[in-house]
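Participant: Take a look at this one; I'll ask things after.
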Amino acid sequence: MADTGIQARRSAVYLLDMILDDEPRLMSELLASGALDKLPPDDRARAQRLAQDTLRGLERADRLLQKHLQKAPPLTVRNVLRVGTIELCQGGAAHGVVNTMVNLVSQHRTLSHLKGLTNAVLRKIAAQGPEAWDALRAPRLPKWLRGPLAEAWGSDAIAAMEQAHFAGAPLDLTAKGDAAALAEAVGGTLLPTGSVRVTDAGQVSTMPGFAEGDWWVQDAAAAIPVRVLAPQAGEAVLDLCAAPGGKTMQLAAAGATVTAVDQSHPRMQRVKENLARVGLKAKTLTKDARAVQGEFDAILLDAPCSATGTIRRHPDLPYAKDGSEFGDLIELQSELIDHAWSLLKPGGRLVFCTCSLLPDEGEVQVDEALERHDDMRVDSAALDLPGVEAAWITEEGGLRLRPDFWADKGGMDGFYIACLRKG
């Protein structure tokens, strides 16, 4: 019987070629530009999953492969071998995996002469790899990122985070209404903070309640900033850097009068589509957050950042980035905090958050903002919420979330969250 996964595997290799290139691209950019659009939905999902699994296990795959390679083959062949190794070590049928990967190389215009190498190496992996796989350590982050994180949190913590990254992420949902009822409807688990977690979810759009707009996909950690802000019905709330809109929907569902801002037209279009699907309303503005004017009761600033807290969901980040843009991002975060503060009514509150594991994008930003603004104070009482553990609260009164927290439940994204009161 012919293997039906050749298109998905070819597309997974293409994604890896782009992400691991000398001029790398993020997977989100590749998907947004239509890299997988020609594939049927099942193949599209499979290609993305294969690429993500390979990125998560890249160090392990390379360690197994280096025993059978005298020198590194071209990148595309390396990625064919990596995808094949990951599949074989995760229990894929040797015959189907090896034949398909050999076919991929044999069909390549300039690499077909390496089909014999591909066949020989993958047959050795099929025989020896699965047993050796589990003995290898959890893959480590690249040194450029591992160093600063280990300095911030210690070697034990970074090792635990790497375990969480390797394990990947389940699907988390935020309910528009009753979270317990949603958990029952989708066969999920109600987490302590009110999100619903689903393992082995399958196609999101076919899950109960999706078409009806009963919920949206949002990591449990990403749902906490709005809970900290605690929007009230009728309050004028500004959501800065709003895309893809999960927090906008939370604010609107609470009955707030929401203004959502993002400078990207495509990303703001996604916010509008998400609001329409769930039947919620918000005013949307496509502009630079620093150009917004007005006066608001409460502001949510989910600032652009390194996204280092989302690696368990986006394993391409350590390979597609090198940290060179972090300085500019940190400067932008400071500007955004200052501008948001100027829009806040006396007595109002600003929740500043970043999906980053770097203190310079969290704790340090708040420390420095407090020095710049005499009328700013940290409201740590806002963190007194169901499921928020006292150990997560930091010295300056913010909330530090890490991927290794809730390890027994499937982890969470890394986040920093602080509630700042004016006056």
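The values are calculated or read from the model by the stated rules, or taken from the named source; none is laboratory data. Because the structure is predicted, anything quoted here is derived from the model rather than measured. Here Cβ is always computed from backbone atoms with ideal geometry, including for glycine, and neighbour counts include all displayed protein chains. Areas reflect the complete protein model, heavy atoms only, side chains present, ligands, DNA and RNA absent. Shrake-Rupley method; radii C 1.70, N 1.55, O 1.52, S 1.80 Å.
Participant: What pairs come up if the first residue lies in the range 219-244 and is without any contact (Cβ under 8 Å) to a residue 24 or more places away in the chain, the second is part of a loop (DSSP other than H, G, I, E, B), and their beta carbons are under 9 Å apart, counting only those six or more places apart or on different chains?
Facilitator: Pairs that qualify, where the first residue is without any contact (Cβ under 8 Å) to a residue 24 or more places away in the chain and the partner is part of a loop (DSSP other than H, G, I, E, B), are Ala233/Ala254; Ala233/Gly255; Ala233/Ala256; Gly234/Gly255; Gly234/Ala256.
Participant: Further question on the same structure: What's the number of the only condition in (1) closer than 30 Å to Gln293 by Cβ; (2) of a type in the set (D, E, K, R); (3) surrounded by 23 or more Cβ atoms within 10 Å (Cβ to Cβ) that Asp413 fails to meet?
Facilitator: (1)
Participant: Now, a different point. Which of the residues belonging to the range 281-303 are surrounded by fewer than 20 Cβ atoms within 10 Å (Cβ to Cβ) and part of a loop (DSSP other than H, G, I, E, B)?
Facilitator: Selection gives Lys281, Lys287, Asp288, Val292, Gln293, Gly294, Glu295.
Participant: Look through Pro24, Pro40 and report the one residue that is farther than 13 Å from Leu317 by Cα, open to solvent by 40 Å² or more (accessible area, probe 1.4 Å) and not hydrophobic (A, V, I, L, M, F, W, C).
Facilitator: Checking each option against the conditions leaves just Pro40.
Okay, residues lined up against (1) assigned to a strand (DSSP E or B); (2) touching a Ser or Thr at 6+ places or on another chain (Cβ under 7 Å):
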position: Ala381; (1), (2): no, no
position: Pro386; (1), (2): no, yes
position: Phe405; (1), (2): no, no
position: Asp413; (1), (2): no, yes
position: Ala418; (1), (2): yes, no
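Participant: Does Asp239 fit the bill of being assigned by the TED database to the domain that holds Glu389 and acidic (Asp, Glu)?
Facilitator: When the stated conditions are applied, Asp239 passes them.
Participant: Quickly run through the range 304-330 and pick out the residues that are in a loop (DSSP other than H, G, I, E, B) and either open to solvent by less than 50 Å² (accessible area, probe 1.4 Å) or over 18 Å from Pro139 (Cβ atoms) (or both).
Facilitator: Scanning the range 304-330 gives Pro304, Cys305, Ser306, Ala307, Ile311, Arg312, Pro315, Asp316, Lys321, Gly323, Ser324, Glu325.
Participant: Right, next: How many residues are of a type in the set (Asp, Glu) and either on the phi > 0 side of the Ramachandran plot or touching a helix residue (DSSP H, G or I) at 6+ places or on another chain (Cβ under 6 Å) (or both) if we restrict to the range 184-235?
Facilitator: Matching residues across the range 184-235 total 1.
Participant: Still on this structure, please answer the following. Identify the single condition in (1) part of a loop (DSSP other than H, G, I, E, B); (2) more than 19 Å from Cys355 (Cα to Cα) that Val258 does not satisfy, given that it satisfies every other one.
Facilitator: Evaluating Val258 over (1) part of a loop (DSSP other than H, G, I, E, B); (2) more than 19 Å from Cys355 (Cα to Cα) leaves (1) as the failure.
Participant: If you take the residues of the range 103-149 that are in contact with an Asp or Glu (Cβ under 9 Å, 6 or more places away or on another chain), assigned to a helix (DSSP H, G or I) and not hydrophobic (A, V, I, L, M, F, W, C), which of them is surrounded by the most Cβ atoms within 10 Å (Cβ to Cβ)?
Facilitator: Pro148
Participant: Pick from Glu396, Glu368, Glu335: which is more than 30 Å from Asp22 (Cα to Cα), assigned to a loop (DSSP other than H, G, I, E, B) and open to solvent by 20 Å² or more (accessible area, probe 1.4 Å)?
Facilitator: Just one listed residue meets the conditions, Glu396.
Participant: Considering only residues that are open to solvent by 10 Å² or more (accessible area, probe 1.4 Å), within 26 Å of the chain's Cα centre (by Cα) and aliphatic (A, V, I, L, M), which ones fall in the range 70-80?
Facilitator: Residue satisfying the conditions is Leu75 alone.
Participant: Residues in the range 243-250: is at least one assigned to a strand (DSSP E or B) and β-branched (Val, Ile, Thr)?
Facilitator: No.
Participant: Still on this structure, please answer the following. Picking from Asp404, Asp379, Asp375, which residue would you name as being surrounded by fewer than 15 Cβ atoms within 10 Å (Cβ to Cβ), among the charged types (D, E, K, R) and in contact (Cβ under 8 Å) with a residue 40 or more places away in the chain?
Facilitator: Every option except Asp375 fails the conditions.
Participant: Which condition number in (1) in a loop (DSSP other than H, G, I, E, B); (2) charged (D, E, K, R); (3) open to solvent by less than 50 Å² (accessible area, probe 1.4 Å) is the one that Glu212 fails?
Facilitator: Status for Glu212: all satisfied but (3).
Participant: In addition: Which pairs turn up if I take residues in the range 337-349 that are over 12 Å from Leu238 (Cβ atoms) and look for partners that are assigned to a helix (DSSP H, G or I) with beta carbon separation below 7 Å, at least 6 apart in sequence or on another chain?
Facilitator: As it stands, the answer is Ile337/Gln365; Ile337/Ala369; Asp338/Arg372, since those pairs meet every condition given.
Residues are listed down the side, and each one gets a yes or a no for (1) modelled with pLDDT of 95 or more; (2) open to solvent by 40 Å² or more (accessible area, probe 1.4 Å); (3) out of contact with any Asp or Glu (no Cβ under 8 Å at 6 or more places or on another chain); (4) not assigned by the TED database to the domain that holds Pro130:
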| site | (1), (2), (3), (4) |
| --- | --- |
| Ser33 | no, yes, yes, no |
| Leu64 | yes, no, yes, no |
| His68 | yes, yes, yes, no |
| Arg82 | yes, no, no, no |
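Participant: Something else now. Every residue in the range 150-182 that is outside any helix (DSSP H, G or I) and within 17 Å of the chain's Cα centre (by Cα), please.
Facilitator: Answer for the range 150-182, where residues must be outside any helix (DSSP H, G or I) and within 17 Å of the chain's Cα centre (by Cα): Gly168, Ala169, Pro170, Leu171, Asp172, Leu173, Thr174.
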